[in-house]
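The structure under discussion appears below in the form of structure tokens.
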Amino acid sequence: MTLAEMQFAVPELRIASAEILLLAMACLILIVDLFVRDRNRTVTYLLTQLTLAGAALATFAVGTGQVSYTFSNMFVSDPMGDLLKLLVYISVIAVLFYSRAYVLDRPEMARGEFYVLGLFATLGMMVMISASHFLTVYIGIELLSLSLYAMVAMERSSAASTEAAMKYFVLGALASGLLLYGMSMLYGATGTLEIPALADRLFSGEVNDRIIVSFGLVFLIAGIAFKLGVVPFHMWIPDVYHGAPTAVTLFIASAPKLAACAVVIRVLVNGLIFVSSDWQMMLIILSVLSMAVGNFAAIAQTNIKRMLAYSAISHMGFMLLGMATGVIMGDPRFIVNAYSSSMFYVVTYVLASLGAFGTILLLARAGFESDEISDFAGLNKRNSWYAAIMMMMMFSMAGIPFFVGFFAKLSVLQAAVAGGHLWLAIVAVFFSLIGAYYYLRVVKVMYFDPPTSAAPIETTLDVKLLLSLNGLAVALIGIFPNALMMLCARSLSDSIVF
Amino acid sequence: MEFRTLVFYFLAAILVFASLRVVTLRNPVHAALHLVLAFFSACGVWILLQAEFLAIALILVYVGAVMVLFLFVVMLLDIDLDRLREGFWSYLPMASIVSLLVVAEMVLVLISRYWGAQESDVPQADTAYSNVRAVGRLLFTEYVYPFELASVVLLVGIVAATALTLRGKRKSKSIDPSRQVFVKARDRLRLVRMPAEKRD
């Protein structure tokens with residue numbers, strides 16, 4: 001083929017309009033912020049929120065409910081991606097609302113870069129969610145991680161936050177290396193980096209070497225496991241959650257989990273489903289180890305951010321349980337059931353995580369982090385509504401009926417049982433019971449211990465409303481989980497193509 | 001053996017040697033110089049594959065810019081070399097066990113397979129074929145999406161570096177003449193009326 005014969009179709013930009021809007025606005029806000037004299041950066045903050053709302057509108061307006069590709073098949077737009085992107089916008093908007101007061105109290109963070117980096121991180125998540133090519137998966141992950149490293153390190157005077165950023169950066173770079181190594185092996189074996197084409201080649205058997213595929217798979221899963229933070233690749237999670245400023249911890253603990261879930265579905269389900277027997281076993285090991293280490297280690301924590309970090313490890317393990325039980329003996333009938341329950345699980349986890357960290361942020365003041373469990377002592381006496389919200393979050397994470405976390409756990413468990421992994425379901429229930437202990441301890445401290453501080457809890461009206469809404473969502477979706485569950489299942493079944 | 005193959009093995013041997021020296025040398029400056037050597041050898045391999053643009057880009061970007069900057073940083077840091085490598089050899093038994101195991105596993109898996117070095121099928125291009133044009137065309141058409149995103153990653157790098165290192169304007173002691181001219185007596189001098197005190 002000579003150069004003159006090379007045909008090139010101009011990419012359909014409309015599908016990617018949300019990404020384009022977000023990128024353009026992020027660059028614009030970067031410039032506008034230079035001229036903002038206000039110490040509180042109100043203009044930057046409002047523009048960021050508007051941009052996210054605009055991106056949500058764009059995603060909503062462009063979504064057709066069909067699978068469509070653009071940018072030489074590197075970008076895919078499908079119902080699953082649209083749903084996850086909308087949830088990402090919502091959680092980033094909530095993160096910015098919750099962290100507003102916290103950021104204003106800390107002059108090192110109250111700068112325009114906090115919002116701009118947040119927008120770039122959101123762009124990275126969107127790229128990850130709509131990636132249908134290994135290159136875009138990787139670049140999306142890097143865009144997200146690079147922004148997060150900087151956000152973790154933003155509180156420069158804090159040694160803990162610098163240390164956390166350093167650990168996060170070094171281990172993140174290592175994970176990226178593993179991921180790339182795995183991708184290059186898969187490229188060597190199949191000759192393509194496009195995820196749908198990869199599935200085709202694996203299906204038709206046009207593979208140079210099956211062993212290289214397995215090797216590549218090991219590296220790929222190790223890389224993804226690093227990014228998800230599951231055992232034995234979890235070492236960075238507690239230190240980063242603990243060391244990072246709570247506003248950034250809230251950011252890390254919410255939206256990126258949705259994007260990571262999307263990457264797992266894109267890479268493993270869309271691309272590598274025909275070697276699922278190879279990766280399901282790996283996921284089961286990762287999942288059981290994560291539930292064990294996460295739940296046991298969380299019991300010993302006195303710092304609530306660290307406790308929630310270990311709880312995040314165990315929740316990601318639980319999520320992988322659903323991912324690991326989709327295909328049984330080459331029978332793909334359970335795929336939608338298993339993967340949509342995993343997706344539902346992540347969504348509910350993000351909802352509870354937002355509320356829990358939101359409450360920590362609510363209690364934090366200038367010079368006071370409020371990140372010890374003892375800081376929550378007697379919260380019920382100080383403000384019973386916030387205590388009730390925190391209790392609902394803890395109950396949801398512990399999987400106590402009838403909060404939303406219960407149905408999420410239930411749907412993953414029934415997927416595991418339907419997949420014939422009864423013992424896995426029993427192990428998961430066992431570890432969840434252990435996990436309930438440390439969630440209930442927080443509730444006990446809030447309701448039965450005497451308060452250590454009588455300071456009134458003041459906050460702005462928007463945070464009050466949003467936190468109440470968050471609490472009500474956990475309770476109401478818990479009572480009527482079907483709508484969200486159906487939404488996950490339908491978007492997934494419309495998006496997975498075989 | 002063809003001459004090409006001979007050149008390849010020569011370059012590859014240097015590449016492996018230089019890469020090993022990068023991780024084993026005690027002196028970071030020497031290690032950086034060996035990395036430069038490794039880049040040069042890798043660039044030779046690329047030229048053998050007729051990818052001259054990538055080879056030149058590697059030299060210009062990595063050797064010319066990145067490595068030289070790296071050398072400056074290493075020299076400026078003034079690292080205490082001996083303390084850095086203290087106890088380096090005490091890791092040797094553990095590290096060698098782990099690496100031997102990994103190698104053994106890989107060999108065990110691969111040895112069962114037919115193992116032959118295949119001739120690389122390098123496209124024998126005509127003389128009119130331009131590598132630069134092909135790379136450029138692909139970069140701005142087919143790969144425009146990751147290309148643009150890579151630029152966003154670089155932008156984030158700039159923003160992050162600025163946000164993390166910029167400590168505001170330095171407080172210099174230079175004099176601002178315009179402010180000097182406009183200064184008034186009452187800006188500098190404050191008269192305080194105090195009640196007279198009786199002396200004992």
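Just a few scattered comments:
- A DSSP coil position with no more than 11 other Cβ atoms inside 10 Å describes none of the chymotrypsin sites (Phe, Trp or Tyr not before Pro) in the stretch A:215-267.
- As computed over the stretch A:300-420, the Cα convex hull volume per residue (Å³): 103 Å³
- Tilt relative to chain A, helix A:159-190 - C-alpha long axis, 0 to 90 degrees, to 10: 10 degrees
- Rounded to the nearest 500, the helix-only mean residue ellipticity at 222 nm of chain A stands at -24000 deg cm²/dmol, with each DSSP H run of n ≥ 4 adding -39,500 (n - 2.57).
- Derived scalar couplings between HN and Hα for the stretch B:6-19 equal 4, 4, 4, 5, 4, 5, 5, 4, 5, 4, 5, 4, 5, 5 Hz in order, rounded to whole Hz, by the Karplus curve 6.51 cos²θ - 1.76 cosθ + 1.60 (θ = phi - 60°), x for Gly and Pro.
- In loop segments of the stretch B:1-44 as defined by DSSP, the trypsin sites (Lys or Arg not before Pro) with at most 14 further C-beta atoms inside 10 Å of their C-beta are B:Arg26.
- Over the stretch B:1-79, the hull volume per residue, using the convex hull of the C-alpha atoms, is 64 Å³.
- Put simply, the amide H of A:Gly399, placed in the peptide plane, has neighbours under 5 Å in A:Phe406, leaving out anything fewer than 5 places away on its chain.
- Mean per-residue shielding of peptide A:135-145 is 3, counting Cβ atoms of other chains within 10 Å of each Cβ.
- Size descriptor, Kirkwood hydrodynamic radius, that averages inverse alpha-carbon separations across the stretch B:158-200, Å: 15.8 Å
- Rounded tilt (10° steps) of A:255-264 against the dominant C-alpha axis of chain A: 20 degrees
- Where trypsin sites (Lys or Arg not before Pro) in DSSP loops with at most 15 other Cβ within 10 Å are excluded, longest remaining stretch of chain A: A:157-498
- C-alpha long axis of helix A:335-363 to longest principal axis of chain A, angle in °: 30 degrees
- If only the Cβ of Lys and Arg carry +1 and only the Cβ of Asp and Glu carry -1, the dipole of chain A around its Cα centre is close to 960 debye.
- Long-range Cα-Cα pairs in the stretch A:14-495 (distance over 38 Å), rounded percent: 19 percent
Every number in this text was worked out from the coordinates using simple rules, so none of it is lab data. Note that the coordinates shown come from a computational prediction; the quantities given were computed from them, not determined experimentally. A quick note on method: Cβ atoms are made from the backbone with ideal geometry, for glycine too, and the neighbour counts reach across all protein chains shown.
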